[in-house]
Each structure stands twice: as C-alpha cells, then as structure tokens.
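One structure is given below, encoded as structure tokens.
Coordinate-derived values only; no laboratory data. Because the structure is predicted, anything quoted here is derived from the model rather than measured. Glycine also receives a Cβ, built like all others from the backbone with ideal geometry; neighbour counts cover every protein chain displayed.
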C-alpha cells in the first residue's frame, strides 16, 4: 500500500497588527526549494527571512492547508 505524500509549508506569522502571514511550500524539514518559487514569491520569502523578529515571527513547518 502506498502512503499518501504529505505536503508541508513554511509559515511566517506576521508580528504587525495589519500584516498577513506568508507561507511557502517546503519539505518536512522546512527546506524551501528556491528554484521553484516565482519571482514575487521568492522576493516575499527573502523579505520574510530578513525581517524575522521585526515584521515576522520565526517560521514553523506545518502540513499544507488545503485551499
């Protein structure tokens, strides 16, 4: 029997009252494949990483939300 693969996301919660969280597809260890992100998503990911502690909280890995 084959196991159903689980998708994960790396989620950055916003620390700003008007901010929105950002999430990016990743593996179970939280590694994001930067080569698969579009230009806008890559810019958002790099921004979130550089502003941890100011605009965003440390990211957490969680099962990907179904949309």
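Here are the numbers for the structure shown:
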| quantity | calculated |
| --- | --- |
| Estimated FRET transfer efficiency when R0 is 25 angstrom, pair residue 35-residue 7 (beta carbons, to 0.05) | 0.90 |
| Kirkwood hydrodynamic radius of the chain, Cα pairs, Å | 12.6 Å |
| 222 nm mean residue ellipticity, helices alone, for the chain (DSSP H n ≥ 4; -39,500 (n - 2.57); rounded to 500) | -5500 deg cm²/dmol |
| Rounded tilt (10° steps) of 39-50 against the dominant C-alpha axis of the chain | 70 degrees |
